[in-house]
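The values are calculated or read from the model by the stated rules, or taken from the named source; none is laboratory data. Because the structure is predicted, anything quoted here is derived from the model rather than measured. Every residue, glycine as well, gets a Cβ built from its backbone with ideal geometry; the counts of neighbours run over all protein chains shown.
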Amino acid sequence: MTSTPPDNPALRDPAHQVSAKAPVLWAVGAAVRCAIVLIALLVVQIMDWWDVPWWLWPLLVVASVAYVVAMPRVRYRIHRWESTDTAVYTQTGWLSRERRIAPYSRVQTVDFEQGPIDRLLGLASVTVTTASAAGPLRISAIDKPVADRLVDDLTRRTEAEAGDAT
């Protein structure tokens with residue numbers, strides 16, 4: 001007697017991309033980080049604490065510009081999220097990818113966050129804290145109305161779930 005293998009649906013990306021404004025948010029953050037590094041290195045050079053080789057400056061500037069331009073574009077193609085009837089799914093990264101799935105029975109808290117640049121761009125982040133040692137799931141850079149609806153939906157679904165989220 002031959003048995004048929006169980007249906008295993010193909011692993012797929014979560015359904016929703018983050019906001020189209022997310023690359024702007026990430027580029028601003030990257031530019032600030034690069035500027036801090038370059039300014040710190042300049043202070044080190046001016047204070048004569050370390051003689052920075054001349055060739056390092058153009059290399060750092062080119063690497064910084066490449067990072068500010070490329071990272072947000074790559075990250076935008078990868079970052080995704082989804083909320084289904086049973087769980088929350090996230091996919092993040094830019095050099096490497098991480099996929100996380102949190103069943104509603106494991107959700108402990110749902111948090112909404114909006115920094116100053118997020119507010120300026122109309123974006124927000126939703127953090128789903130679970131009873132997992134891997135830490136919370138974070139859905140960053142989604143449009144504020146989408147984040148508001150997601151928080152309401154996740155809160156409703158989590159409250160309806162039986163159990164103590166452990």
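Quick look at the values:
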read-out: Extreme residue, surrounded by the fewest Cβ atoms within 10 Å (Cβ to Cβ), among residues of segment 7-25 that are among the polar types (S, T, N, Q) and at pLDDT 95 or above; value: Gln17
read-out: Options Ala124, Ala87, Ala131; residue that is assigned by TED's automatic domain parsing to the domain that holds Leu154, under 28 Å from Asp152 (Cα atoms) and exposed (fewer than 15 other Cβ atoms within 10 Å of the Cβ); value: Ala131
read-out: Test: residue in segment 26-40 that is in contact (Cβ under 8 Å) with a residue 60 or more places away in the chain, closer than 21 Å to Asp143 by Cβ, surrounded by 16 or more Cβ atoms within 10 Å (Cβ to Cβ) and touching a helix residue (DSSP H, G or I) at 6+ places or on another chain (Cβ under 7 Å); value: yes
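Every residue, every condition in (1) part of a helix (DSSP H, G or I); (2) aromatic (Phe, Trp, Tyr); (3) modelled with pLDDT of 95 or more; (4) buried (at least 20 other Cβ atoms within 10 Å of the Cβ), yes or no:
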residue: Ala102; (1), (2), (3), (4): no, no, no, yes
residue: Ser105; (1), (2), (3), (4): yes, no, no, no
residue: Val146; (1), (2), (3), (4): yes, no, yes, no
residue: Arg149; (1), (2), (3), (4): yes, no, yes, no
